[in-house]
Amino acid sequence: MSAPIDIPPRERWARLRFAIIGPLLAAPPPSGQLQTALAVLAEKTWRHPVSGLDVRFGVSTLERWYYAAR
């Protein structure tokens, strides 16, 4: 497997988005619970794919990623 430095930033972002949204796609929340599930994810801290610093994403961003992936 390639070292993280060899992976282009665009692909690192794609992997991060999938790591965050993937579980919702694999096991969709019950009807009417998507906003709650997104709010829980928005409270978590993630590692920025380029800088490596901690970062959080808003519900609207996660929602946009979710619907784009669907």
Yes or no: Ile20 β-branched (Val, Ile, Thr) and modelled with pLDDT under 95? no
Tell me, please, whether a residue that is in contact (Cβ under 8 Å) with a residue 12 or more places away in the chain, open to solvent by less than 50 Å² (accessible area, probe 1.4 Å) and within 11 Å of the chain's Cα centre (by Cα) can be found in the range 29-36. no
In this structure, does Val55 turn out to be under 27 Å from Ile7 (Cβ atoms) and touching a residue at least 40 places away in the same chain (Cβ under 8 Å)? no
Picking from Ala19, Ala26, Ala68, Ala42, which residue would you name as being open to solvent by 30 Å² or more (accessible area, probe 1.4 Å), of a type in the set (Gly, Ala, Ser) and within 10 Å of the chain's Cα centre (by Cα)? Ala19
Taking the range 31-51 as the region of interest, how many residues are closer than 18 Å to Arg64 by Cβ and of a type in the set (Gly, Ala, Ser)? 3
Any idea which residue in the range 29-68 is modelled with the lowest pLDDT, counting only those that are among the hydroxyl-bearing types (Ser, Thr, Tyr) and either touching a Phe, Trp or Tyr at 6+ places or on another chain (Cβ under 7 Å) or closer than 17 Å to Arg17 by Cβ (or both)? Ser51
Among helices (runs of 4 or more DSSP H) entirely inside the chain, those with 2 or more residues being in contact with a strand residue (DSSP E or B) (Cβ under 6 Å, 6 or more places away or on another chain) and of a type in the set (Lys, Arg) are none
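The values are calculated or read from the model by the stated rules, or taken from the named source; none is laboratory data. These figures come from a predicted structure and were not determined experimentally. Cβ atoms come from the backbone with ideal geometry, glycine included; neighbour counts cover every protein chain shown. Only protein heavy atoms, including side chains, enter the accessible area calculation; ligands, DNA and RNA are left aside. Shrake-Rupley method; radii C 1.70, N 1.55, O 1.52, S 1.80 Å.
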